[in-house]
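A.B. asks: First the structure, then my questions, so here it is.
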Amino acid sequence: MSDCDCSAGPVAAGMKSLEEALALILDHAVSVTESEPVHLSAALGRVLAETVTSRITMPPWDNSAMDGYAVNSADLAGPNRRFRVSQRIPAGVSGTPLESGTLARIFTGAPIPDGADAVVIQEVCETDGDEIIVGQAPAPGANIRRAGEDTREGQEILAPGTRLQPQHLGLLASVGVDTVRVYRRVKVALFSSGDELVMPGQPLAPGQIYNSNEFTLDGLLRAIGCEVVNLGIVEDTLGSTCAALIKAAAQADLVMASGGVSVGEEDHIKPAVEKLGSLDLWKIAIRPGKPLAFGHIDGTPFIGTPGNPVSLFVTYCLFARPFILKCQGVSGDLSPAVVTARVNFDWPHPDKRREFARARLDLDDRGEAWLSVYPSRSSGVLSSLTWSNGLAVLPESQPLKRGDRVGFLSFSELLS
Ligand code: AMP
Ligand code: MG
């Protein structure tokens, strides 16, 4: 049984490895520097541009973790289990010091009164008239949440470069922060090349197909917090392609186009970008998504992906996503986390290129993760992407047997 080899293997002549191409692209990714204050209610998905420190100690005071009775555990050291309730402390109320030999009725989140050092949960207590019979003596400190167990005033709680997820927003709110400084959104202008393309909602003439890439790409970009300028469908002529590129580059941090990146007569991306700026067209040793165009127009970076819908998706995940994350100012590892799982199939004829197969990770009865791949490898089959929940990384030139482990990139990781 072999383990996943996600590192670069030998690469076919004239091709670049994924690692090499990615490093070249990331070298050109410049993080935005401009930032703006946003209210927490609008901060989801934004990237923090400042260090945030806690404004308060949280919780500010020892408080009860349960509904029950606050006690002084020394009062329960002897045989007496019968006590009077001397006060009632709901959440939001500060009690008075606990009268010796009595209990305080207390509720979750309420401050522990001075003189009490434990909370007895109500489930082990019995009411007898005005008195409470405590069934079980608590250990000192039982059911108390300590002041500062979450954060301390002045402590750094979030670092710049953090993409704000719901849990970050909750933490910020919990320490009284209502506004944070975030990097401005990265603006991406996109268009789709192809004379065969028609927008959904329109009738299809013979030979035409619907423009799906525009929606896939728009969704992918918005899912990671980009501002998207959509320039629609651009016809397959050098003039129209140049015009679209100029318009896109003038208003965005990044231009993305799908289709027209090959070197056929109908593919105008390469000559157009070369005319306006500079372009590298790489064959990358991955499947699907071999050709990738990367260049600059008037200083604005350009990424051109294949038109095939699945190639566009995979190329975005592997190249455009890390590029954009770096532009957004996201800190840390920009590559998606790779987990490993066993393949539930034999793969006797591996490709020479590393294959990012549309895959589904399912758990068996014992909780073991297994990968299945979609029956068709065609890069035009979009339904394969809705069937899968990630991409299996099938190493180049390495036959696999059922049970072998390979890498898996989960969509939940790639699409956020
Ligand atoms: P291309 O990269 O322009 O040679 O296109 C490769 C394949 O992808 C062709 O079958 C195109 O029809 C298809 N394709 C190109 N652009 C799109 C698009 N925006 N939406 C759906 N399919 C497309
Ligand atoms: Mg085309």
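A.B. asks: Any idea what angle helix 213-223 forms with the longest principal axis of the chain, computed on alpha-carbon atoms, 0 to 90 degrees, nearest 10?
C.D. replies: Tilt of helix 213-223: around 30 degrees.
A.B. asks: Still on this structure, I have one more. Can you list the lysines whose alpha carbon sits under 18 Å from that of residue 401, skipping same-chain ones fewer than 8 residues off?
C.D. replies: Of all the lysines, those that pass the test against residue 401 - Cα under 18 Å, at least 8 places apart if same chain - are 352.
A.B. asks: Report, in debye and to the nearest 20, how large the dipole of the range 191-249 comes out about its Cα centre when Lys and Arg carry +1 and Asp and Glu carry -1 on their Cβ.
C.D. replies: Details: 2 positive and 7 negative charges, 34 e Å.
That gives the range 191-249 a dipole magnitude of about 160 debye.
A.B. asks: Restricting to bridges with both residues inside the range 63-145, how much of the DSSP beta-bridge set is antiparallel, in percent to the nearest 5? Mind showing how you got there, number by number?
C.D. replies: Values: 17 of 22 bridges.
Given both bridge residues lie in the range 63-145, the antiparallel proportion sits at roughly 75 percent.
A.B. asks: While we're on this one: Rounded, prolate or oblate, given the Cα gyration tensor of the range 126-225, with a/c below 1.5 counting as rounded? Spell out each step's value before the answer.
C.D. replies: On the way: a/c = 5.92, a/b = 2.52, b/c = 2.35.
Since a/c reaches 1.5 and a/b is larger than b/c, the shape of the range 126-225 is classed as prolate.
A.B. asks: Further question on the same structure: If you average the C-alpha positions of the range 90-130 and of the range 188-202 separately, how far apart do those two centres end up, in angstrom?
C.D. replies: Result: 67 Å between the Cα centres.
A.B. asks: Rounded to the nearest 10 Å², what accessible area does residue 371 have for a 1.4 Å probe in the complete protein model?
C.D. replies: Solvent-accessible area, nearest 10 Å²: 0 Å².
A.B. asks: Sticking with this structure for a sec: Could you give me D for the range 175-270, from Stokes-Einstein at 37 °C and 0.692 mPa s, where the hydrodynamic radius is the Kirkwood radius over C-alpha pairs? Units µm² s⁻¹, please.
C.D. replies: Values: Rh = 14.8 Å.
Here the translational diffusion coefficient equals 222 µm²/s.
A.B. asks: May I ask for the net charge around residue 285, where only other residues with Cβ less than 12 Å from the Cβ of residue 285 are counted and Lys, Arg are +1 while Asp, Glu are -1?
C.D. replies: Details: positive: 16, 283, 287, 290, 352, 353, 354; negative: 19, 20, 351, 355, 396.
Around residue 285, the charge tally is +2.
A.B. asks: Residue by residue, what Karplus-based ³J(HN,Hα) values in Hz, rounded to whole numbers, does the range 250-263 have, using 6.51, -1.76 and 1.60 with θ = phi - 60° and x for Gly and Pro?
C.D. replies: 5, 10, 9, 7, 8, 10, 10, 9, 10, x, x, 9, 7, 10
A.B. asks: In terms of Cα to Cα distance under 18 Å, which aspartates and glutamates are near enough to residue 270, apart from those fewer than 8 places away along the same chain?
C.D. replies: The qualifying aspartates and glutamates are 195, 235, 236, 280, 298.
A.B. asks: Report the net charge of residues surrounding residue 115, where surrounding means a beta-carbon distance below 11 angstrom and charges are Lys +1, Arg +1, Asp -1, Glu -1. Don't jump to the answer; show the numbers that get you there.
C.D. replies: Numbers: positive: none; negative: 75, 99, 114, 117.
For residues surrounding residue 115, the net value is -4.
A.B. asks: Quick one: compute a quarter of the convex hull surface over the Cα atoms of the chain and quote it in nm². Don't skip to the answer; put the middle values down first.
C.D. replies: On the way: hull surface 113.6 nm².
Average of the hull's projected areas for the chain equals 28.4 nm².
A.B. asks: Something else now. Spelling out what I want: for every residue of the range 264-279, take phi, set θ = phi - 60°, compute 6.51 cos²θ - 1.76 cosθ + 1.60 (Karplus), and round to whole Hz; glycine and proline get x.
C.D. replies: x, 4, 8, 9, 10, 4, 4, x, 5, 5, 5, 5, 8, x, 9, 8
A.B. asks: Roughly to the nearest percent, how much of the accessible area of the chain is carbon and sulfur, given a 1.4 Å probe? Each step should come with its number before you reach the end.
C.D. replies: Working: 9680 of 19090 Å².
Its accessible area is 51 percent carbon and sulfur atoms.
A.B. asks: Explain nothing, just the number: relative contact order of the range 63-145, from Cα pairs under 8 Å at least 6 residues apart, as a whole percent. Present the calculation step by step, with values, prior to reporting the outcome.
C.D. replies: Values: 208 pairs, mean separation 33.0, N = 83.
That works out to 40 percent.
A.B. asks: Here is a further query. About the Cα centre, and with charges only on the beta carbon of Lys, Arg (+1) and Asp, Glu (-1), how big is the dipole of the chain? Nearest 20 debye, please. Don't skip to the end; give the middle numbers.
C.D. replies: Details: 36 positive and 49 negative charges, 98 e Å.
With only Lys, Arg, Asp and Glu charged at Cβ, the dipole is about 480 debye.
A.B. asks: Please give every one of the lysines within straight-line cross-link reach of residue 275, meaning a C-alpha to C-alpha distance under 26 Å, and leave out same-chain neighbours fewer than 8 residues apart.
C.D. replies: Correct list for residue 275: 16, 187, 247, 283, 290.
A.B. asks: Below 14 angstrom from the Cβ of residue 384, what's the summed charge of the other residues (Lys, Arg +1; Asp, Glu -1)?
C.D. replies: Details: positive: 287, 358, 360, 377; negative: 355.
Summing Lys and Arg as +1 and Asp and Glu as -1 gives +3.
A.B. asks: Still on this structure, I have one more. When a/c is below 1.5 the answer is rounded, else prolate if a/b is larger than b/c, else oblate, so apply that to the range 63-145 with a ≥ b ≥ c taken from the square roots of the Cα gyration tensor eigenvalues. Don't skip to the answer; put the middle values down first.
C.D. replies: Details: a/c = 1.44, a/b = 1.34, b/c = 1.07.
Rounded.
A.B. asks: Would you give the gap between the C-alpha center of the range 368-408 and the C-alpha center of the range 286-321, rounded to a whole Å?
C.D. replies: 21 Å
A.B. asks: Compare the Cα positions of 110, 161, 199 along the charge dipole of the chain (+1 at Cβ of Lys, Arg; -1 at Cβ of Asp, Glu; about the Cα centre) and return the one farthest towards the positive end.
C.D. replies: 199
A.B. asks: With a cut-off of 8 Å between alpha carbons and a minimum separation of six or more residues, what is the relative contact order of the range 338-414 in percent? Before the final figure, lay out each step's value.
C.D. replies: Numbers: 164 pairs, mean separation 35.3, N = 77.
Relative contact order for the range 338-414 comes out at 46 percent.
A.B. asks: Suppose we keep just the DSSP beta bridges with both residues in the chain; what percent of those would be antiparallel, to 5?
C.D. replies: Values: 58 of 85 bridges.
Here the antiparallel bridges make up roughly 70 percent for the chain.
A.B. asks: Heavy-atom accessible area of residue 69 with all protein chains present, probe 1.4 Å, nearest 10 Å²?
C.D. replies: Per-residue accessible area (residue 69): approximately 20 Å².
A.B. asks: Using a 1.4 Å probe, what is the accessible area per residue for the chain, in Å²? The partial results should precede the final answer.
C.D. replies: Values: 19090 Å² over 416 residues.
Here the residues of the chain average 46 Å² of exposed surface.
A.B. asks: Å³ per residue of the Cα convex hull, for the range 338-414? Intermediate values should be presented prior to the final figure.
C.D. replies: Details: hull volume 7.2 nm³, N = 77.
Per residue, the Cα convex hull of the range 338-414 comes to 93 Å³.
A.B. asks: With every protein chain left in place, what is the accessible area of residue 387 in Å² (1.4 Å probe, nearest 10)?
C.D. replies: 70 Å²
A.B. asks: If you don't mind, there's one more thing I want to ask. When the chain is fully extended, how far beyond the present Cα-Cα distance does residue 398 get from residue 85, taking 0.36 nm per residue of separation?
C.D. replies: Values: separation 313, 0.36 × 313 = 112.68 nm, distance 7.33 nm.
Length gained between residue 398 and residue 85: 105.3 nm.
A.B. asks: Which residue, 267, 346, 365, has the most motion in a Gaussian network model of the chain that connects Cα atoms within less than 10 Å?
C.D. replies: So, out of 267, 346, 365, the one fluctuating most is 365.
A.B. asks: Given the options 315, 361, 399, identify the residue whose Cα lies farthest towards the positive end of the charge dipole of the range 300-410 (+1 on Cβ of Lys, Arg; -1 on Cβ of Asp, Glu).
C.D. replies: The one lying farthest along the dipole's positive direction is 315.
A.B. asks: Rounded, prolate or oblate, given the Cα gyration tensor of the range 246-339, with a/c below 1.5 counting as rounded?
C.D. replies: Working: a/c = 2.30, a/b = 1.22, b/c = 1.90.
Oblate is the answer for the range 246-339, as a/c is 1.5 or above yet b/c matches or exceeds a/b.
The values are calculated or read from the model by the stated rules, or taken from the named source; none is laboratory data. Since this is a predicted model, take the numbers as computed values, not measurements. As a convention, Cβ positions derive from the backbone with ideal geometry for all residues, glycine included, and neighbour counts pool all protein chains shown. SASA here: full protein model, heavy atoms, side chains in, ligands and nucleic acids out. Shrake-Rupley method; radii C 1.70, N 1.55, O 1.52, S 1.80 Å.
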